[in-house]
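The values are calculated or read from the model by the stated rules, or taken from the named source; none is laboratory data. Given the structure is predicted, the values throughout are model-derived calculations rather than measurements. Positions of Cβ are backbone-derived with ideal geometry, glycine not excepted, and every protein chain shown enters the neighbour counts. Keep in mind that these areas ignore ligands, DNA and RNA; they rest on the heavy atoms of the full protein, side chains included. Shrake-Rupley method; radii C 1.70, N 1.55, O 1.52, S 1.80 Å.
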Amino acid sequence: MFKVASAIFSLVFVGGANAQSFQHIENCRQLVADADRLTCYDALKADGTAAPLKLEPAMNVADSPVKLARARFNVQMEDTRRSIYNPRIELYLSFENSSAKRVSALAMLITIKDAFGDEILVNDSKLDISIPPGGSTASNTYFFWEDNPFIHDDPYSRLIGPVTASTAKTEVAVKRIVYEDGSVESF
């Protein structure tokens with residue numbers, strides 16, 4: 001009788017530990033910030049119990065004074081008269097400058113996400129643009145991704161659905177700014 005009760009107790013105890021482990025994993029999964037979520041997972045012990053978790057605040061990184069003001073997509077169909085031989089998706093960007101200096105160029109990371117928030121495309125890019133202090137400007141340069149009929153998982157193919165459904169979201173993280181006076185600021 002003692003061995004049976006011991007086995008049942010062990011089974012219940014292990015089952016309870018697994019339920020606790022799953023709860024700790026679920027708690028980590030609910031964290032929004034990637035760094036916090038990874039820290040939470042790292043804090044879990046091998047036996048599934050949670051170690052004391054102390055989240056450090058993120059380092060204060062200065063925000064860029066240049067922000068995305070507007071992003072607009074355009075689906076351009078084939079037009080041989082304009083030397084457009086394949087359909088393409090165009091992205092037009094406008095920026096706001098809250099600094100006291102005129103901006104001459106930007107280095108940025110462009111991320112396009114679908115309706116679920118999943119990344120469709122990530123593009124590291126540089127852009128020459130003149131943005132007055134305290135003003136906003138639409139870029140004369142635009143980005144485009146052409147359809148390659150021989151590749152079915154090209155950027156155009158991944159973008160066309162969300163763009164035509166108007167669910168594509170564009171995020172721009174400005175990494176460096178070159179000002180008209182020659183100074184450079186990194187973020």
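With charges set only on the Cβ (+1 for Lys and Arg, -1 for Asp and Glu), what does the dipole of region 139-187 come to about its Cα centre, in debye to the nearest 20?
180 debye
Using the Cβ atoms and a cut-off under 10 Å, what net charge is assigned to the surroundings of residue 109, where Lys and Arg are +1 and Asp and Glu are -1?
Spelling it out: positives minus negatives among the neighbours equals -1.
Which GluC sites (Glu not before Pro) in region 113-187 sit in a loop by DSSP (not H, G, I, E or B) and have at most 14 other Cβ atoms within 10 Å of their own Cβ?
Sparse-neighbourhood loop GluC sites (Glu not before Pro): 180.
Taking loop as defined by DSSP and a crowding limit of 11 other beta carbons within 10 Å, which chymotrypsin sites (Phe, Trp or Tyr not before Pro) in region 59-98 fit?
85
Could you tell me which residue out of 100, 144, 117 lies farthest along the dipole of region 93-187 toward its positive end? Charges go on the beta carbon: Lys and Arg +1, Asp and Glu -1, centred on the Cα centre.
With unit charges placed on the Cβ atoms, the residue in question is 100.
Skipping prolines and chain starts, which residues have an amide H placed within reach, meaning under 5 Å, of the one on residue 139, given they are 5 or more residues away or on another chain?
Correct list: 93, 94, 95.
Leaving out ligands, DNA and RNA, and with a 1.4 Å probe, what % of the accessible surface on region 89-187 is carbon or sulfur? Provide the component values of the computation, followed by the final result.
Numbers: 2670 of 5370 Å².
With neighbouring chains kept in place, the figure for region 89-187 is 50 percent.
Work out from phi, with θ = phi - 60° and the Karplus expression 6.51 cos²θ - 1.76 cosθ + 1.60, the ³J(HN,Hα) of each residue of region 93-109, listed in order in whole Hz, and give x for Gly and Pro.
10, 10, 10, 10, 10, 9, 7, 8, 10, 6, 8, 10, 7, 10, 10, 8, 10
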